[in-house]
Structure formats: C-alpha cells, structure tokens
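Contents: one structure, followed by commentary.
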Amino acid sequence: MSQNNPKDNHFSDLQEALLRLSQQKSKEQEEEERLWEEIMGKRRYHCQKRFPRPVPLITLSYNGQQHIISTNGNLTIFSGYKKVGKSGLFSALLATCLGPFKEVEREFNGFRIKRNLNQWALIYIDTEQSDYDFYHFNQHKVKSRLLQQVLPDWYHAINLRPYAPNQRMKMTEMIITRLLSKHQGIHAIFIDGIADFCHSVNNEQEANALVSFFEQMAIKADCPLIATMHLNPGTIKMRGHLGSQLERKAESIFLMTKDKNKEITYITEEALRNAGGKDFPLIELAFDPQKGCHLIKGLIPKKQPKQQSKSLRANQWTKNEHQELLDTIFQSKKELSYTQLHEAIQSTYKVSDKPARQIKKHLLDQGWIVTNGAAPRSSHLRFLRPKRPTQEEE
C-alpha cells in the first residue's frame, strides 16, 4: 500500500503558493496597466482633445450678465445659521425644477433653473427634519408652489434622519445608482444637511473622504449636487475641517445671513468658480405670510445692507465660541508660529489683518493661548483648552 511522501506534499504546497503569488502579481500588473492607459488616454491634456463646457443648471441674470451658479459634476454649498431660510430656499429651487411653477418671474427675479424636460430623477435628501416636518416641507412648501396637484414620480424626496452617518452614505450611493438607472439620468441632487454624513466635522480624514464621496456622486450622476452647511458659532466660516475642505472643492459657496429687524435673508457669494465679481448682487429672500413660503424678493447692490460692513470686535464672540474656533485652528498641529497663528485666525474667523491682530491679542490676554518663548514673533504658540463659559459670561 502506497503512502504519501511528505516531501511530495511539501513540493505540491510550494507550487500552489508560487502559482497564487504569480496570479496575484499578474492581477496587480493588469491593474497597473489599466490605470496607466486611463491616465494617458483620459486624464492627460492634449491640444486636439476638447471637452464641452459644463451644463449650467442654475444661473442668475443681473445687469445684463448671466452668472453661472451650478453646473453638472460640481458641488454648490449654501451656508448659514439655523433658521436662516436654507430649507425655504431649497423648497423654491426644488419647485422650480419640478414646474410648472407659479409666477416664476415675480418670485425668482433673475434666478433661472433649467427645466427637467427629460424627466430625469430629481433627488432631495434630508437629514435634519422629523417625519412630520419632512412631510410638511414637501406638501406645503414645495407642492403648494406648483400648478399640478400631484408631484411627478421622478421626484424622490427621502428622509435619512434616523440613520447613522455611514448608513446615510451607503444609502445615498444606492439611491443615486438605482435612480440613475431607472430614469436614465439625474437632473439634480439636493442634500439638506451635508455635515450629518460624518461623525465629526473636525476629523480631517473623514471630512476629506466625505467631500470626495459627494464629488464622485456628482460626477457619476453628471448633475449638480447642492447642499446646505451650518456655520461655526459667531463666524461666517463653515464648521470644522469639513467646511474648510468644501471651501477648497465646491464650485460655488453662498453665505445666508438674516436681518431679524426686517425679516429678510441676504444671500451673498463667498466663492464662485464660474461667476461673481463686482456685478454679482445680494439676493433678498423673505417669507411671504400670504403665500406661506419663502420668495426671492429682489436683487440689490452688493454693499447693502448696512450690517454687512459692521466692524468686528474680539469680544463679540463668547468664550465658548472662541474655544470652538481654536479647536479648529489647532486641530492638525499642537503648536503654531506667530505668523501661522495670525493667518489661521484670518482664515477661521473670516477677518482681515487688523481684526486678526485684535483677536490674537485678546486670546493672549485671556490666557487661552500662551507662548513657549520670550519673543512672540519667533516662538511657537501653544493653545490651552479653556473651561466652558458660564451663562453669565455668555
């Protein structure tokens, strides 16, 4: 009776291991070749290879100029504090995409949104509203603007509030992929609450991955992705590293501020890749009690209203607000040079050179930052985390 030779078994195992290694290397080489062909074939510039100009979904006509706001494959962000009218603006934009719209010229006064003639999917994803508020938004803020009694079946409004951030990302990708296939195209994607797709807006790796994810979704769907984002307390900067990354990557960024005395929200451009300049106006948004929804009332010169030029003072921020802003400044480095800190204050607080120096002096005077050397301009500054302010301080 023959017996297996241990040497033969060992040799056979070695052959299988070498075969698997060879196959793995072969797959890696195939993937490398594929990437090389894609780089040289699709991503390399060539003078004879022309790309069509991105299709604008939203434009603004003012003083004889057509300003491009949102184009296919790009991100547009509307930032502002809570209850400033972001959802009201979204209801107007969604209704205009859905059409036919009541009194387009009067209510939008220069805002133009491309009609969805192909009846591609229009996606609205909300992460903030309760089920009742979500229903009220679609029924009374979107549908009430339209002439038809029933919303079209290509409009998909989805509430992802009950789910965790990683589940929301997975669901969003599924929604976009399946609706793209079902409707043969996507007209636009609206995300009300983009920060709710990550656990921490100050986590650099998570924030970068999230912005990249939404960029890929916009490119995959070949449509604009329009989202809302909250601001840091007491500033006009979007929250955390996520806000900083969106500032770098978004095609258009708008700031929404509210004049509570006049009950008017002013929409100003913070960064526009394909529009802007001196001729871009302030957009006035206000709630109309007779119609029960927000309407764009008009376009006015950029220097108005008066509160836009209000001087900034270091003590206009509370101790807790300073703490949150300093968390953002020192999130990637424990120590900053004098110059680095000055530039970071300008960027984070959204102030010019003189207010930045005043804020820096205030932070040093309060002991919320200290120097580890005798010469402030040549030393590194170290941030000491302050206690949360009391109600009296706030």
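The values are calculated or read from the model by the stated rules, or taken from the named source; none is laboratory data. This structure is a prediction, so every number in the text was calculated from the model and none was measured. Note that we place each Cβ from the backbone using ideal geometry, even for glycine, and neighbour counts take in every protein chain shown.
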Residues that are within 10 Å of the chain's Cα centre (by Cα) and among the aliphatic types (A, V, I, L, M), drawn from region 208-233: Leu210, Val211, Leu225, Ile226, Ala227, Met229
Some residue of region 135-142 being free of Cβ contacts under 8 Å to residues at least 24 places away in the same chain, over 19 Å from Ile77 (Cα atoms) and surrounded by 18 or more Cβ atoms within 10 Å (Cβ to Cβ): yes
Top-ranked residue in region 167-185 [being free of Cβ contacts under 8 Å to residues at least 24 places away in the same chain and loosely packed, with under 13 Cβ neighbours inside 10 Å; ranked as nearest to Lys114 (Cα to Cα)]: Ser181
Condition met for Ile236 (touching a residue at least 60 places away in the same chain (Cβ under 8 Å) and either within 10 Å of the chain's Cα centre (by Cα) or closer than 24 Å to Leu93 by Cα (or both)): yes
Selection status of Leu94, under 30 Å from His156 (Cα atoms) and in contact with a Lys or Arg (Cβ under 6 Å, 6 or more places away or on another chain): no
Filter pass, Ile296 being in contact (Cβ under 8 Å) with a residue 24 or more places away in the chain and assigned to a strand (DSSP E or B): yes
Test result for Pro281, touching a strand residue (DSSP E or B) at 6+ places or on another chain (Cβ under 8 Å) and either small (Gly, Ala, Ser) or in contact (Cβ under 8 Å) with a residue 60 or more places away in the chain (or both): yes
Single unsatisfied condition, Arg145 versus (1) at pLDDT 80 or above; (2) under 25 Å from Glu269 (Cβ atoms); (3) of a type in the set (Lys, Arg): (1)
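Determine, yes or no, whether Glu215 is among the charged types (D, E, K, R) and modelled with pLDDT of 95 or more.
Yes; evaluated as a whole, the condition is true for this residue.
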So Pro224, is it closer than 23 Å to Lys82 by Cα and not β-branched (Val, Ile, Thr): no
Pick from region 224-277, criterion more than 23 Å from Glu128 (Cα to Cα) and at pLDDT 90 or above, ranking: surrounded by the most Cβ atoms within 10 Å (Cβ to Cβ): Glu251
Residue list for region 120-169, restricted to those being in contact with a helix residue (DSSP H, G or I) (Cβ under 8 Å, 6 or more places away or on another chain) and among the β-branched types (Val, Ile, Thr): Ile123, Ile125, Thr127, Val142, Ile158
Residue identified as in the same structural domain as Gln129 (by TED's automatic domain parsing), under 13 Å from the mean Cα position of the chain (by Cα) and either more than 25 Å from Met238 (Cα to Cα) or buried (at least 21 other Cβ atoms within 10 Å of the Cβ) (or both) among Ala188, Ala195: Ala195
